[in-house]
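What follows draws every value from the coordinates through simple rules; no lab data is involved. This is a predicted model, so every value here is computed, not measured. Cβ: placed from backbone, ideal geometry, glycine included. Neighbour counts: every protein chain shown.
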Amino acid sequence: NRVQKNIAMKKLTLLALLLSPIFSFAQEINLAELLTGIDSSLLVNANEVVREEVTHLKVLDPETVELNYKQKVTLLNAKASSKTIYTIYSKDIKISKLKATIYDRFGQEVKSYKMKDFMDQSAISSGTIYADSRVKYLQLEPPSYPCTIEWEYSQKHKSVYCATYPDWLPQGYY
């Protein structure tokens with residue numbers, strides 16, 4: 001009786017080992033279903049998909065502009081380039097809000113970051129004599145792929161005649 005149980009367990013183990021690649025393959029096939037809201041044609045040969053990008057620019061007065069930016073990007077694999085997020089500031093550009101959140105493939109929040117979690121460094125190389133531009137950035141380490149990163153910031157730009165209006169490109173740098 002004990003020998004028969006041992007043989008049955010070995011057969012079950014062997015069967016599980018043989019079927020595990022099939023289940024793994026099936027999970028990859030259903031990946032598009034898990035990434036709800038993304039057209040399957042956008043996933044072909046893609047490393048990331050920008051799901052949302054919004055920039056609001058509000059002129060408060062002739063010398064002050066409020067900029068609100070929000071981006072949601074799904075990283076499909078480790079080759080995705082959007083793992084580092086950043087914004088530039090200076091004495092004329094103040095950051096009032098800066099945050100980021102990572103979501104897993106099912107849309108569950110994995111980790112969130114606040115302004116204090118971002119690194120801060122000079123935005124200009126060391127060869128410059130004087131410059132006050134700085135950058136706040138965050139190097140994200142997604143726990144698994146695919147995942148979605150949602151981040152946003154708010155800035156106030158203050159300058160004579162708002163010479164610091166941000167560049168506008170209809171398609172961005174993609």
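Within straight-line reach of Lys97, meaning a Cα separation under 18 Å, sit the following aspartates and glutamates at least 8 residues removed in sequence or on another chain: Glu53, Glu66, Asp117, Asp120, Glu150, Glu152.
Note on Asp39 and Tyr137: the model spin-label points, each 7 Å out from Cα along the C-beta direction, lie 3.3 nm apart. Which pairs break 22 Å Cα to Cα here: Lys72/Lys136; Lys83/Lys158; Lys111/Lys158; Lys58/Lys116; Lys72/Lys158? Where the Cα-Cα span goes over 22 Å, the pairs concerned are Lys83/Lys158; Lys111/Lys158; Lys58/Lys116; Lys72/Lys158. In this simple spin-label model, placing a label point 7 Å from the Cα along the Cα-to-Cβ direction at both Ile124 and Ala46 gives a separation of 3.9 nm. Working note: Cα atoms of segment 52-129, range along each principal axis, descending, whole Å: 44, 35, 22. FRET efficiency for the pair Lys114 and Ser144, taken as 1/(1 + (r/R0)^6) with r the Cβ-Cβ distance and R0 = 22 Å, rounds to 0.45.
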